[in-house]
Amino acid sequence: MNLVTIASFPNPTAAHLLRTLLESQEIPATLFNEQIANTVLPLAVGDGGVHLQVRAEDAEEAYQIIERADAEPVEDDIENP
C-alpha cells in the first residue's frame, strides 16, 4: 500500500479532526509522527509535524473533502442577543 501525505499539522488534535472527517467519508487515513508529537513536540515540528496520510489512490478525493470542509460555513449554535 502506497501512502501519501496530504496535510501536516503542528499538533495531533487538528490532524485527528481531519482524519475523522476522511474516515467518515470511507477514506482510510493514518497519522505519522503522532507519538513523537505527543512526547517531544519540538522534534516532531522539526520533522514537519504530524502527517495525515491516505492511500495514493484516495488522495484526490481526500483533497476535495478537505477543501469542501474548509469552504462550508459553520453555524453558530448560540443565539445573538
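Among the residues of segment 8-31 satisfying the criterion of being modelled with pLDDT of 90 or more and assigned to a strand (DSSP E or B), which is farthest from residue 62 (Cα to Cα)?
31
Can you tell me which condition residue 35 does not meet? The list is (1) modelled with pLDDT of 80 or more; (2) in a helix (DSSP H, G or I); (3) surrounded by fewer than 16 Cβ atoms within 10 Å (Cβ to Cβ), and all the others hold.
It is condition (1) that residue 35 fails.
The values are calculated or read from the model by the stated rules, or taken from the named source; none is laboratory data. Computed from a prediction, not measured in an experiment: that's the story for all the values here. Reconstructed Cβ throughout: ideal geometry from the backbone, glycine too, with neighbour counts over all protein chains shown.
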